[in-house]
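Report on the following structure.
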Amino acid sequence: MRRLLLLGVTAFCLCVFVAADTQQDRQGEKSLPEKDGVLQLKKGNFNRALRKYKQLLVHFYAPLSGEGNRVSAAFEGAAAKLQESEVKLAVVDVTKEKDLAKDLNATGPPTIRLYLAGDKQNPVPCPFPHSSASILTWLKRRAGSAADLITDLSQSEASDELTVVGFFKELDQEYAQIFYSAAVDLPDVNFVVTQNNEVISKYGLTHDVVLLLKKSKLIQAYKMMPQTSKEELIVFITVYQMDPATEYTGKTATQILASPVLNHALLFVNKSSADFEEIHSAFNNAAEAFRLKILFVWVNVDEPRNGRLMEYFRVRDFEAPLIRLVNLTDHVTYHLPSDTLDVGNIKQFCQSYLEGKAKPKMQSEPIPQGWDKKPVKELVGMTLEKVAFNPDKTVFVLFYLPYSQESRALFPLWEELAEALKERGDVVVARIDASANDINMSMKGSYPSLCLFPALYAERMLVYTGKRKLKDLVKFVDKEMGKAKKDRVKEDEDRRKYIETIKAEEAKKANQTKDEL
């Protein structure tokens, strides 16, 4: 009897605990804050939201970014349409929820992720939408198949917008699956599938082909091949979605920067100048020859809103017209060495760049007066390598962008570091404006970048990736100086042996000359 009583008490306690836990969950679920139908998530309620919603689409954003504000507006519009669905939209402010962002590995650029069935570890990345319709399209395509894209082409063919048409014999073949995967990743583009032989014969093509149409005009065709990947198809679509030469504006900026083509040719020109039509025509004609290799963009120097871009490339309006070529990976800039911007010169310039024969345009600010008198030395393009690769000094350089909040936030720390190390005669703390001086080095990342140049004859550069705290920086300098000291002993020994070898060879040659005489 006593045993039964104990079992009964235990069971009762378990029921109480379960009921209390369930009640707590329900209260937590009710307390999830919303704004315009979008959940406002924090570390304390993120897991509850995962449990409650089968599909949770989360935007990790920074509130002051223009991209973040645009996506937030799209989320609000989509939330109103998804009220009765299984999908719930949510946002996380990564500037406030740093611990949560770190736990979810969302500390990088703004991102959108779809969490399914409470799975916190394997979210599905969502492309950045241009509008609420983009979000709805992406969700619909994710859940569907190529068969859902079969439609009447009559309206699409007459559209001003680009329509991507897939013509396949069988919808269950691999080509159709690749096509549909591309459609999922490009929700802002109109995709259509047809199996109508009359349509394909109209354009004089065969099966398993992708057509790009605009106002019934065939812009380009892409023949699917066994080796064709989703990524290759996306590059093809995104490149031909744009004009051969695209004007840089507020509307096209995101599309230009998101292009998978990382080589950009930029024509800076005054749209109101007498020779604009002639120059633009030459630039546009040259662009046709380099589609998929170089993205051609023209910038109106007479447009005040383009000032930031002109400042970055250090172009003044009276210098136009001119062409700059840049790779968005290393940001090294090339300048067309000709005053005649005709098709032949532009093509030759682009070809020499692709073949690695073009020489980068190196620019430097003037050397500031008293640049080496303050604790933090002010470097420019023409003094960077001379100071940084000094074999007798350890040099720590901050490469910064003056208009970057993240860069400016490091200035006080860099002053502290310089003060902490000012008694060391073998250490130099410096900084350089990377937007005003061409840097002929690979930073292996975005700016601001903290790079240490050890006191060695070998021109070595180390990119610091640790915590941006004074004690951590000093510890890093001490550690690398210790390593460099050991390497320097070997370097000095190698140099001594090399000098002795050279002297011995010179003496041998001198003796041979005497013998010959």
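The values are calculated or read from the model by the stated rules, or taken from the named source; none is laboratory data. The model shown is predicted, which means the values in this text are computed figures rather than measured ones. A quick note on method: Cβ atoms are made from the backbone with ideal geometry, for glycine too, and the neighbour counts reach across all protein chains shown. Accessible surface areas use protein heavy atoms only, side chains included; no ligands, DNA or RNA. Shrake-Rupley method; radii C 1.70, N 1.55, O 1.52, S 1.80 Å.
Which residues, counting only those in the range 178-192, are surrounded by fewer than 22 Cβ atoms within 10 Å (Cβ to Cβ) and outside any helix (DSSP H, G or I)?
Answer for the range 178-192, where residues must be surrounded by fewer than 22 Cβ atoms within 10 Å (Cβ to Cβ) and outside any helix (DSSP H, G or I): Leu186, Asp188, Val189, Asn190, Val192.
Could you grab me the full set of residues in the range 316-336 that are crowded, with 17+ Cβ neighbours inside 10 Å and within 15 Å of Ile279 (Cβ to Cβ)?
Ala320, Pro321, Leu322, Ile323, Arg324, Leu336
Could you tell me whether Lys35 is touching an Asp or Glu at 6+ places or on another chain (Cβ under 9 Å), at pLDDT below 90 and not acidic (Asp, Glu)?
Here the answer is yes, as Lys35 does meet what is asked.
Taking only the range 262-275 into account, find how many residues are open to solvent by 20 Å² or more (accessible area, probe 1.4 Å) and either over 23 Å from Pro110 (Cβ atoms) or among the small types (Gly, Ala, Ser) (or both).
7
Taking the range 378-433, which residues are touching a Pro at 6+ places or on another chain (Cβ under 8 Å), in contact (Cβ under 8 Å) with a residue 24 or more places away in the chain and either within 19 Å of Arg314 (Cβ to Cβ) or charged (D, E, K, R) (or both)?
Glu378, Val380, Phe399, Tyr400, Leu401, Ser404, Glu406, Ser407, Glu415, Glu419, Lys422, Asp433
Taking Gly344 as the residue in question, decide whether it is over 31 Å from the mean Cα position of the chain (by Cα) and in a helix (DSSP H, G or I).
Yes: the conditions hold for Gly344.
Within the range 271-301, take every residue that is part of a loop (DSSP other than H, G, I, E, B) and in contact with a helix residue (DSSP H, G or I) (Cβ under 7 Å, 6 or more places away or on another chain) and give me the one that is farthest from Tyr353 (Cα to Cα).
Out of the qualifying residues, it is Val301.
Test Phe283 against the criterion of being touching a residue at least 60 places away in the same chain (Cβ under 8 Å) and open to solvent by less than 60 Å² (accessible area, probe 1.4 Å), and give yes or no.
yes
Checking Phe396 against (1) under 24 Å from Gly425 (Cβ atoms); (2) over 32 Å from the mean Cα position of the chain (by Cα), only one condition comes out false. Which one?
For Phe396, the failing item is (2).
Given the criteria touching a strand residue (DSSP E or B) at 6+ places or on another chain (Cβ under 6 Å), under 18 Å from Leu292 (Cβ atoms), modelled with pLDDT of 80 or more and of a type in the set (A, V, I, L, M, F, W, C), does Leu233 qualify?
Taking the combined requirement at face value, the residue does not satisfy it.
Which helices (runs of 4 or more DSSP H) sit wholly inside the range 81-177 and have at least 1 residues that are surrounded by 20 or more Cβ atoms within 10 Å (Cβ to Cβ) and either without any contact (Cβ under 8 Å) to a residue 40 or more places away in the chain or over 27 Å from the mean Cα position of the chain (by Cα) (or both)?
It comes to 153-157.
Here is a check on your reading of the model: is Lys514 outside any loop (DSSP other than H, G, I, E, B), open to solvent by 70 Å² or more (accessible area, probe 1.4 Å) and modelled with pLDDT under 85?
Here the answer is yes, as Lys514 does meet what is asked.
Matching residues to (1) within 24 Å of Pro187 (Cα to Cα); (2) touching a Gly at 6+ places or on another chain (Cβ under 6 Å):
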position: Asn45; (1), (2): no, no
position: His59; (1), (2): yes, no
position: Val71; (1), (2): yes, no
position: Lys96; (1), (2): no, no
position: Pro110; (1), (2): yes, yes
position: Arg113; (1), (2): yes, no
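Taking into account only those residues within the range 286-314 that are at pLDDT 90 or above and among the aromatic types (Phe, Trp, Tyr), which is surrounded by the most Cβ atoms within 10 Å (Cβ to Cβ)?
My answer is Phe296.
Counting only residues that are surrounded by 14 or more Cβ atoms within 10 Å (Cβ to Cβ), give me the helices (runs of 4 or more DSSP H) lying completely in the range 353-424 with at least 2 of them.
381-388, 411-420
Within the range 318-341, which residues are part of a helix (DSSP H, G or I) and over 20 Å from Ala282 (Cα atoms)?
Phe318 - this is the single residue of the range 318-341 that is part of a helix (DSSP H, G or I) and over 20 Å from Ala282 (Cα atoms).
Just to be sure I understand the filter: pairs with C-beta atoms under 8 Å, separated by 6 or more residues or on different chains, first member in the range 472-486 and at pLDDT 95 or above, second member surrounded by 15 or more Cβ atoms within 10 Å (Cβ to Cβ) and in a helix (DSSP H, G or I). Which pairs pass?
Listed by first residue and then by second, the contacts come to Leu473/Leu413; Leu473/Leu417; Val474/Leu417; Val474/Ala420.
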